[in-house]
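J.: Take this structure, written in structure tokens, and hold onto it; I'll ask about it next.
The values are calculated or read from the model by the stated rules, or taken from the named source; none is laboratory data. No experiment lies behind these values; they were computed from the predicted model shown. Quick reminder, even Gly has a Cβ in these numbers, built from the backbone with ideal geometry, and neighbours come from all protein chains shown.
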Amino acid sequence: MRSVDREDGPLKVTGAAVYAADHHPDRLAYGYLLTSTIARGSILGMDTGQAAKAPGVLALYTPFNPVKLYPYAKEENAELTPPLQNTDVRYYGQAIGLVVAETFEQARDAAALVITRYSAQQPRASFTDGLPSAAPPPSGTPVVDVLAPGVTSIDQALAAGDVTLTATYSTPVETHVAMEPHATTAFWTADQLTIYTATQGVRLVVDRLTETLGIEAAKIHVINPYVGGGFGNKWGMWAHTPLTAAAARALGRPVKTVLTREQVFSVVGHRPPSSQTVSLGAAPDGTLVAVKNDGVSGKSASNNFYEPVANLSLVLYGSANLHVSRKVVTLDVPVTTIMRAPQESNGSFALESALDELADKLGMDPLDLRRKNDTPIRPSDKLPWSSKHLQECYTMGAERFGWSRRSSKPGTVTDGDWLVGLGMATATYGASRGQASIKVRLRDDGRAIVSGTAADLGTGQSTVFAVLTADGLGIPVGRVVPQLGDSATPPAANAGGSGSTSTNGPAVQLATDAAKAAMVTLATEHDKSPFKGQEVTFSNGEIRGGGREMPFGDLLTLLDVPAVEATATSPRSPVRDHAFRSFGAHFCEVRVNRWTGEPRVSRWLCVVDAGTIVNPKTARSQIAGGIIMGIGQALLEDLRIEPETGRFGNATMADYLVPINADIPDIGVEFLDYPDTLLSDLGARGIGEFGIVGAAGAVANAIYNATGKRIRDLPITLDKLL
Amino acid sequence: MRAFDFAAPRGIAGALRLAGDGSAFLAGGTTLVDLMKLNVLAPEHVIDINRLPLRGIRLGPDGLHIGALERMDDIARHGAVAAQYPLISQALLLSASPQIRNMASIGGNLMQRTRCGYFRDMATSCNKRSPGSGCPAQTGDNRGHAVLGTSASCAATHASDVAVALVALDASVRLRGRDGERSVRLADFYLLPGDTPHVENRLRPGELITEVIVPRLQWARHSTYVKVRDRQSYEFALASAAVAVDLRGGKVRDARVAVGGVGTVPWRLPAVEAALRAGQSFERASALAAEGARPLAGNSFKVELVQRTVLRALMEVAGSR
């Protein structure tokens, strides 16, 4: 493994990387969203007279004076309907208008002058109140049972366990709060739309805008090479994007709309709250005989996305009897959407906590209990895992972390005024390989351009492209120029589902090989080529043959050919007889103040079996970033809905807490680096979500070890530990 | 943000001439500009006072004098402050972020507005911002709200850390208006919300804080500021305690105790001080810290937390007893 600096690092730290909100085309106008201040009902009227007369105002779009947007044709974990096409209010903070003015300040100030009258209804806003009447989900089967021969129900299987445990775990609304707020800059050249917009996939934007603007995809050019974090929230397209594009068309000038921090809490989506009731049955030696998880997820009334939170219980630990169920509580709240490791990060918190509780009941080391129930097959369908080395993760992690020093008796280790505890959990995330196309272009200046519609959300994906291309060509990484986030390039994987490297990586390799082949053809067939008619090879960036060698750039220059290029497509994985998933182990130490209860994470180690690691330097950051987000999930994040109003009560970055540097210790990350050759020749499974899964469980388990208090309701704030 | 006039006078008299109804003084701007962007404050005249001669940190025989424009970070790192009044230094350094501490003045810090989410959101009602409109915090999102000094009209927490330390130390503010100069004890300066939460202090229209004066207190060297919050830094207090202890011959002779994050104003605890002077144990004395508390649904934990915070601060200064 060779660590390479982020290819776009210098651009980002010097401010040279241009993000969606950084574009200033000539005659730019600024949009500012108006948002609703009730959660359910309809708009009776909007007094826009004062606002329309305010300085600099160019246009004011409302449901009473909308820009035309056609209905969305398919669901993308975002709004089901485009904004302003009717007077319905479905949640607090919904986009109900767009003010466009000569400056941002003018648009904002004019927006404050609009008076909106509503007919309001009582919103359904409490997840807890809705739990007793949770309903089957809008999609997916409500119940999955996998039972051993002769077993008629999961409860029968549980009853056969020598030791059983049942507990309910809950998680709050969480939200992504990426550093870069959502932003769209749009302009039209005749009937051609150019749009810079923060997204996890430019193709997603093209598809959506084609539907709602009613124009051909070929007329839409989406450009977004840099993204300041997405975490799932820039997958769906949100109200400001079609509004901005349509306003730019109507006004005949470029328009830019940047969401305010407060708007980022409601105009775009969030992770729904959840509840899981987990029952485990075990033999005295710890063998799980039954795993049951009844999961409930919040779901916005504005779309159909929910988290089937219990699903992870079907696949993580071996058991002859498994049961999960899925229900939803529909709420009049902003849109529910994917957020880093959807379903699995919440699912893991419950399952890993329950396992810890079971270990306690069994009088067993929680690590031994996990070892005991490790399985080479996916328990839900008995398919063998493609490449699983979880035992090695456990062993290496336990040794390096000093797990043997954990006291089996909670609340017995102190350091001054701090109670000290150790906890662990299994880390995991599913893997897959989809279809992707990539182009590699070899230029006469000796550089290689690698391009595709992929997105780098800050993950290091573009550096992965550079590394794989450079390795394939045998040239330094610095001579490869990755170009991502442009809808005019070949269709590669969007950034989501930990699938970027597993899907795009093999395509980069194929495209690099194809470009080499094209170069070889040129070398042997071009009339002026010194290699004409010879047997040649391409290695170390050079054409070699007949005792001669020449860098490809020199040969192109000699032949007066600017470049050769090739596009290749890597297909979806054809493998059906194996299951793919990454595994690993989190170990952490948490300190809890004896007097005032603050929990503080003081040590962390994660051992990762995620297949080939293309670039350990950026991969380490990905894992650490997931763990940091998991620490936030465990200890801080809690977007509180006011039950009466449906308003988020703490929708600012001062009040919705995410970890800051002082909350985070040094995080150790170890990679096993076993290529998953059944998934692809590259063998990389993807690491975007892996770090967060298990992190909250590990923290909760360490807090129990430190204090003897089992907190089953996230976040674990100090008031729960007093 | 409403359009406003802007002036940057060089002298105090000039600044005071410009001041009056509808005006606001601008020092570091960390509160004022923030709230102007939210339309919570909409002054017609903004008077930049940064050129006024209100600087200097001086330890005299009568105590510590701090010019109102001194920045939080400069005060915190001043040698005499750190040595003689550790609780002031610590309270400042545990506030906000380095960027804000580099900008925010001590006068502005004492004048900072509450972080109550309803006060800051123009779409909701708030008696402090719009008298008589109501207080959604009574039944709404109130985890961060006050339990001491509240009323049915307002439960907004006073946000300053250093004000807690200053109240414990019996500090005063010197005020200048067009009619002259006066000093007010900080403990008297802040007003309980009662039925008029929009009236937060005794400052008269157009009056300016020019100086903070902390009386000499030899044993303030034995002091600390403990701030308890969900995350380690960059957050307002859930509970805090400023404590100084006069420890002689292994005995507590006197003590100063004030708490923050729990009160509508910085909250001095004379009953706890009296119990300590009477020789009661730290445990028993700190149990008096939440007397009169009126918790709401989301912040009842603060009743116990503030007692524990005082206990922890006492033990940090004087060891357990």
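J.: Given the conditions (1) on the phi < 0 side of the Ramachandran plot; (2) surrounded by fewer than 20 Cβ atoms within 10 Å (Cβ to Cβ), which single one is not true for A:Gly229?
T.: The single condition A:Gly229 does not satisfy is (1).
J.: Report the residue count in the range A:299-318 for those that are buried (at least 24 other Cβ atoms within 10 Å of the Cβ), touching a helix residue (DSSP H, G or I) at 6+ places or on another chain (Cβ under 9 Å) and part of a loop (DSSP other than H, G, I, E, B).
T.: Selection size over the range A:299-318: 3.
J.: When the residues of the range B:172-203 are narrowed to those that are more than 27 Å from B:Ser133 (Cα to Cα) and small (Gly, Ala, Ser), which ends up surrounded by the fewest Cβ atoms within 10 Å (Cβ to Cβ)?
T.: Applying the filter and picking the extreme gives B:Gly180.
J.: Here is a list: A:Ser502, A:Ser529. Which entry is assigned to a loop (DSSP other than H, G, I, E, B) and either assigned by TED's automatic domain parsing to the domain that holds A:Leu555 or under 21 Å from A:Val561 (Cβ atoms) (or both)?
T.: When all the criteria are applied, what remains is A:Ser529.
J.: Another question, if that's okay. Show me the strands (runs of 3 or more DSSP E) entirely contained within the range A:368-462 in which 3 or more residues are crowded, with 24+ Cβ neighbours inside 10 Å and of a type outside the set (S, T, N, Q).
T.: By residue number, A:418-430, A:436-443.
J.: What tally of residues in the range A:672-689 results from selecting those that are crowded, with 21+ Cβ neighbours inside 10 Å, modelled with pLDDT of 95 or more and out of contact with any Leu (no Cβ under 8 Å at 6 or more places or on another chain)?
T.: Going through the range A:672-689 one residue at a time, the tally reaches 8.
J.: Also, I was wondering about something else. Considering only residues that are basic (Lys, Arg) and within 14 Å of another protein chain (Cβ to nearest Cβ), look in the range B:1-53 and name the one that is nearest to the chain's Cα centre (by Cα).
T.: B:Lys37
Yes or no, residue by residue, for (1) part of a loop (DSSP other than H, G, I, E, B); (2) of a type in the set (Val, Ile, Thr); (3) farther than 30 Å from A:Gly31 by Cα; (4) modelled with pLDDT of 95 or more:
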site: A:Val267; (1), (2), (3), (4): yes, yes, no, yes
site: A:Val291; (1), (2), (3), (4): no, yes, yes, yes
site: A:Arg326; (1), (2), (3), (4): no, no, yes, yes
site: A:Gly347; (1), (2), (3), (4): no, no, yes, yes
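J.: Next question. Only one of these is at pLDDT 95 or above, over 23 Å from B:Gly144 (Cα atoms), away from chain B (no Cβ under 14 Å) and assigned to a loop (DSSP other than H, G, I, E, B): A:Val614, A:Val607. Name it.
T.: Exactly one residue qualifies, and that residue is A:Val614.
J.: Can you list residue pairs whose Cβ atoms sit under 8 Å apart, with the first residue in the range A:698-710 being over 23 Å from A:Ile628 (Cβ atoms) and the second being in a helix (DSSP H, G or I)? Count only pairs 6 or more apart in sequence or on different chains.
T.: Between residues of the range A:698-710 that are over 23 Å from A:Ile628 (Cβ atoms) and residues that are in a helix (DSSP H, G or I), the close pairs are A:Lys709/A:Ile703; A:Lys709/A:Lys720; A:Lys709/A:Leu721; A:Arg710/A:Ser353; A:Arg710/A:Glu357; A:Arg710/A:Ala700; A:Arg710/A:Tyr704.
J.: Looking only at the range B:144-161, how many residues end up being within 14 Å of another protein chain (Cβ to nearest Cβ) and not β-branched (Val, Ile, Thr)?
T.: So the count comes out to 5.
J.: Let me ask something else. Go through the residues of the range B:210-232 one by one and say whether even a single one is within 14 Å of chain A (Cβ to nearest Cβ) and more than 30 Å from B:Leu276 (Cβ to Cβ).
T.: Yes, the conditions are met somewhere in the range B:210-232.
J.: Tell me, which residue of the range B:93-129 that is touching a residue at least 40 places away in the same chain (Cβ under 8 Å) and of a type in the set (Ser, Thr, Tyr) is farthest from the other protein chains (Cβ to nearest Cβ)?
T.: Here the answer is B:Ser105.
J.: Restricting the search to the range A:250-296, which residues are among the hydrophobic types (A, V, I, L, M, F, W, C) and within 30 Å of A:Asn373 (Cα to Cα)?
T.: A:Val278, A:Leu280, A:Ala282, A:Ala283, A:Leu288, A:Val289, A:Ala290, A:Val291, A:Val296
J.: While we're on this one: Would you confirm, using the coordinates I've provided, whether A:Ala706 is outside any loop (DSSP other than H, G, I, E, B), away from chain B (no Cβ under 14 Å), in contact with a Phe, Trp or Tyr (Cβ under 9 Å, 6 or more places away or on another chain) and of a type in the set (A, V, I, L, M)?
T.: In short, yes.
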